[in-house]
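First comes the structure, then the notes that go with it.
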Amino acid sequence: MPRAARKVSSTGIYHIMIRGINRNAIFYDEEDKNKFLDIFEKTKGETKFELYAYCLMGNHAHFLLKENEISISVIMKKICGIYGGWFNHRHHRVGHLFQDRFKSECVETQTYYITVLKYILNNPVKCNVVEEAEDYKWSSYREYIEKNSITDTAFFLNMLDTNQKKAKKYFIEELKKQDKGIVYLTASNIRRADIEAEKIIYDDMKKLGIESIGEITIEQRIVLIKSLKAKGLTNRQIMSITGLPKSKVIGI
């Protein structure tokens, strides 16, 4: 079956997520993360996209960016291809590093832009890696309150205030606000946004003691999927985020 066409954002802005195959690590240490950011920055200079937020975790990474002349598909294919080859060579491994193609969500309103930016920068807190977003080294949080490097911070800071000192103060306050899960309502069902679905899956796997989807037992899979569906996740979201095939998800 052919892949569904990627949705095109009317603003050119997307929330992008990449994940390791079978939820395995894509960054083993700081050298890996530094190399990825070097490749990312070089590609940014070549393709002229705008980066509003990023966060590198152990087995996945999030980005909020805007494409200009070059499409996000070309941009991400180049970044992931170069990094994947370098990573495999360095760690003496073969095969795919990333799970399927990258995931993307259109960001077409200011409200959703702010929600996604906050979600990305608070990801280390939600995953219990640090207590405060400002304590995490591998995100663009510090670029907003100190000096920007590869992140185009002016776009969001100017939303908050034209006075940069005030804007940075408001930024810190905004990041600490607790957003409720984003839920889209339709006439027949409740569907959670993908960024919320990812957090729910991560939390449920942790509660069930599941370290990797590749090692999940039949009993764990059934319990996990039933729990996720009860919380409003769709079959598409479960398959897309976990990598489980259709035959293992449908019908449970």
Of all residues making up the stretch 203-224, the number that are crowded, with 17+ Cβ neighbours inside 10 Å and either at pLDDT below 85 or within 23 Å of residue 123 (Cα to Cα) (or both): 5
Odd one out for residue 71, checked against (1) within 21 Å of residue 37 (Cα to Cα); (2) touching a residue at least 60 places away in the same chain (Cβ under 8 Å); (3) of a type in the set (Ser, Thr, Tyr): (2)
Residue in the stretch 25-63 that is modelled with the lowest pLDDT, counting only those that are among the polar types (S, T, N, Q) and in contact with a helix residue (DSSP H, G or I) (Cβ under 9 Å, 6 or more places away or on another chain): 59
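Scan the stretch 84-116 residue by residue and report those that are of a type in the set (Asp, Glu) and in contact with a strand residue (DSSP E or B) (Cβ under 8 Å, 6 or more places away or on another chain).
105, 108 - these are the residues of the stretch 84-116 that are of a type in the set (Asp, Glu) and in contact with a strand residue (DSSP E or B) (Cβ under 8 Å, 6 or more places away or on another chain).
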In the stretch 17-62, residue surrounded by the most Cβ atoms within 10 Å (Cβ to Cβ) [restricted to those that are of a type in the set (S, T, N, Q) and farther than 26 Å from residue 175 by Cβ]: 43
Subset tally (residues that are more than 20 Å from residue 13 (Cα to Cα) and either without any contact (Cβ under 8 Å) to a residue 12 or more places away in the chain or hydrophobic (A, V, I, L, M, F, W, C) (or both)) for the stretch 155-170: 9
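Among the residues of the stretch 33-49, is any in contact (Cβ under 8 Å) with a residue 60 or more places away in the chain and either among the polar types (S, T, N, Q) or over 20 Å from residue 141 (Cβ atoms) (or both)?
For the stretch 33-49, residues in contact (Cβ under 8 Å) with a residue 60 or more places away in the chain and either among the polar types (S, T, N, Q) or over 20 Å from residue 141 (Cβ atoms) (or both): absent.
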Test: residue in the stretch 97-107 that is buried (at least 16 other Cβ atoms within 10 Å of the Cβ) and within 23 Å of residue 173 (Cα to Cα): yes
Within the stretch 108-129, considering residues that are in contact with a helix residue (DSSP H, G or I) (Cβ under 8 Å, 6 or more places away or on another chain) and loosely packed, with under 14 Cβ neighbours inside 10 Å, the one farthest from residue 168 (Cα to Cα): 126
One residue from 33, 48 being in the same structural domain as residue 113 (by TED's automatic domain parsing) and within 17 Å of residue 154 (Cβ to Cβ): 48
So residue 140, is it buried (at least 16 other Cβ atoms within 10 Å of the Cβ), among the hydroxyl-bearing types (Ser, Thr, Tyr) and in contact with a helix residue (DSSP H, G or I) (Cβ under 9 Å, 6 or more places away or on another chain): yes
Number of positions in the stretch 9-24 that are more than 16 Å from residue 91 (Cα to Cα) and modelled with pLDDT of 90 or more: 11
Residue match in the stretch 92-111 (condition: of a type in the set (S, T, N, Q) and more than 28 Å from residue 133 (Cβ to Cβ)): no
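The values are calculated or read from the model by the stated rules, or taken from the named source; none is laboratory data. For clarity, every value in this text was computed on a predicted model and none was experimentally measured. Neighbour counts run over all protein chains shown; Cβ positions are idealised from the backbone, glycine included.
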